[in-house]
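Here is the structure we will look at, set down as structure tokens.
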Amino acid sequence: MTVPRRRLLVATGSAHKLIELQRLLGDLPIDLVTLREVGITDESPEEGATFEENALQKARWYAQASGEWTLADDSGLEVSALNGAPGVYTRRYAGPDATDVQNYEKLLAETAGVVDRTARFVCTMALIDPANGSERTFRGECQGTLATAPRGEFGFGYDPIFEVDGRTMAERAPTEKDALSHRGRAAALVAAALRSDLQP
Ligand code: IMP
């Protein structure tokens, strides 16, 4: 029996996250559409105290604006020696318009000489269906350590300074990152839920 395809809005303004999500969810019988494709140029507020609150706020905002079945994500880095910072402020760590390099250089400076370099990446995805009002969240984590200097060419954000098993995420090819990453793990849970939703 042919499974009917559904549209799913991938509600992120980050080109890097979009590429990862398209790779992670691309095998499903779903047509992924982008904010640009549905004509949304405004950005959702992001005022929550947790990744889950932010993911839900973004998914609700974009679902309301588009009327589409919507997936939004919020993610960030929690450093043990900084009591979980930068957490929900990961994107704005070095200021509201900070670049990836400015953000991770600030984190390297803040943790210079720190012995306990354990950290984890967290990703929460929120899936909202405006047709029936359902809201679900999915959380993925990736445990690692902070490097003392950036290494590697791949990825984005803090990947050059986030190590798992001695190699940074930026030293790993995209599919290798997907198998380990917070976003890969959350997306695997989303994919399982979507497959079940799409059962005839
Ligand atoms: P968000 O857009 O509020 O979710 O911001 C997430 C922040 O965490 C941004 O600074 C991203 O660069 C960073 N980030 C999220 N996921 C990753 C990743 O997979 N690798 C490296 N940095 C990431």
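Mind listing whichever residues of the stretch 145-180 are farther than 20 Å from L18 by Cβ and among the basic types (K, R)?
R151, R167
In the stretch 115-131, which residues are under 30 Å from Q64 (Cα atoms) and open to solvent by less than 80 Å² (accessible area, probe 1.4 Å)?
Applying the first criterion (under 30 Å from Q64 (Cα atoms)) to the stretch 115-131 yields 121-131.
Of everything in the stretch 115-131, those that are under 30 Å from Q64 (Cα atoms) and open to solvent by less than 80 Å² (accessible area, probe 1.4 Å) turn out to be F121, V122, C123, T124, M125, A126, L127, I128, D129, P130.
Within the stretch 6-41, track down each residue that is of a type outside the set (A, V, I, L, M, F, W, C), out of contact with any Phe, Trp or Tyr (no Cβ under 8 Å at 6 or more places or on another chain), over 15 Å from A193 (Cα atoms) and open to solvent by 40 Å² or more (accessible area, probe 1.4 Å).
Passing the criteria: G13, Q22, R23, D31, R36, E37, G39, T41.
Out of everything in the stretch 10-33 that is over 21 Å from K177 (Cβ atoms) and over 15 Å from the mean Cα position of the chain (by Cα), what residue ends up being modelled with the lowest pLDDT?
Taking the stretch 10-33 and keeping what is over 21 Å from K177 (Cβ atoms), we get 11, 29-31, 33.
Checking the rest, the ones that are also over 15 Å from the mean Cα position of the chain (by Cα) come to 29-31, 33.
Values: P29: 88, I30: 92, D31: 92, V33: 94.
If we take residues in the stretch 10-33 being over 21 Å from K177 (Cβ atoms) and over 15 Å from the mean Cα position of the chain (by Cα), then P29 is modelled with the lowest pLDDT.
If a residue must be surrounded by fewer than 19 Cβ atoms within 10 Å (Cβ to Cβ) and either over 20 Å from A15 (Cα atoms) or touching a strand residue (DSSP E or B) at 6+ places or on another chain (Cβ under 6 Å) (or both), how many such residues does the stretch 146-163 contain?
The qualifying residues number 5.
Considering each residue of the stretch 126-149, count those that are in a loop (DSSP other than H, G, I, E, B) and over 21 Å from G87 (Cβ atoms), and give that number. Give the derivation first.
Restricting attention to the stretch 126-149, the residues satisfying the condition of being in a loop (DSSP other than H, G, I, E, B) are 130-133, 147-149.
Within this subset, residues satisfying the condition of being over 21 Å from G87 (Cβ atoms) are 130-133, 148-149.
Total satisfying the criteria: 6.
So which residues in the stretch 62-105 are in a helix (DSSP H, G or I), over 14 Å from the mean Cα position of the chain (by Cα) and over 11 Å from Y158 (Cα atoms)?
Initially, the stretch 62-105 is screened for residues in a helix (DSSP H, G or I), giving 62-66, 80-82, 87-92, 100-105.
Those left that are additionally over 14 Å from the mean Cα position of the chain (by Cα): 62-66, 80-82, 92, 100-105.
Those that are in a helix (DSSP H, G or I), over 14 Å from the mean Cα position of the chain (by Cα) and over 11 Å from Y158 (Cα atoms): Y62, A63, Q64, A65, S66, S80, A81, L82, R92.
Only one residue in L71, L18 is free of Cβ contacts under 8 Å to residues at least 24 places away in the same chain, hydrophobic (A, V, I, L, M, F, W, C) and touching a strand residue (DSSP E or B) at 6+ places or on another chain (Cβ under 8 Å), so which one is that? Let's see the steps before the verdict.
Numbers: L71 fails: free of Cβ contacts under 8 Å to residues at least 24 places away in the same chain.
Result: L18 is the single residue among L71, L18 that is free of Cβ contacts under 8 Å to residues at least 24 places away in the same chain, hydrophobic (A, V, I, L, M, F, W, C) and touching a strand residue (DSSP E or B) at 6+ places or on another chain (Cβ under 8 Å).
Take the residues in the stretch 164-186 that are open to solvent by less than 60 Å² (accessible area, probe 1.4 Å) and of a type in the set (K, R); name whichever of them is nearest to the ligand (Cβ to nearest atom).
My answer is R183.
Return a yes/no flag: does the stretch 132-141 have any residue that is closer than 17 Å to G184 by Cβ, within 12 Å of the ligand (Cβ to nearest atom), in contact with a Gly (Cβ under 8 Å, 6 or more places away or on another chain) and open to solvent by 40 Å² or more (accessible area, probe 1.4 Å).
Checked the stretch 132-141: no residue is closer than 17 Å to G184 by Cβ, within 12 Å of the ligand (Cβ to nearest atom), in contact with a Gly (Cβ under 8 Å, 6 or more places away or on another chain) and open to solvent by 40 Å² or more (accessible area, probe 1.4 Å).
Quick one: what pairs do we get from the stretch 91-114, first residue of a type in the set (S, T, N, Q) and open to solvent by 80 Å² or more (accessible area, probe 1.4 Å), second part of a loop (DSSP other than H, G, I, E, B) and at pLDDT 95 or above, C-beta under 6 Å, 6+ apart or different chains?
Q102/A94
From the list A126, A186, A131, A147, which residue is at pLDDT 95 or above and over 17 Å from the mean Cα position of the chain (by Cα)?
Values: A126 fails: over 17 Å from the mean Cα position of the chain (by Cα); A186 fails: over 17 Å from the mean Cα position of the chain (by Cα); A131 fails: at pLDDT 95 or above.
Step by step, each of A126, A186, A131, A147 is checked, and only A147 is at pLDDT 95 or above and over 17 Å from the mean Cα position of the chain (by Cα).
Name the residues in the stretch 63-77 that are open to solvent by 10 Å² or more (accessible area, probe 1.4 Å) and near the ligand (Cβ under 9 Å from one of its atoms), would you?
Scanning the stretch 63-77 gives a single hit, S75.
The values are calculated or read from the model by the stated rules, or taken from the named source; none is laboratory data. Everything numeric here is computed off the predicted structure, so don't read it as measured data. Neighbour counts run over all protein chains shown; Cβ positions are idealised from the backbone, glycine included. Note: areas computed on protein heavy atoms with side chains; ligands, DNA, RNA excluded. Shrake-Rupley method; radii C 1.70, N 1.55, O 1.52, S 1.80 Å.
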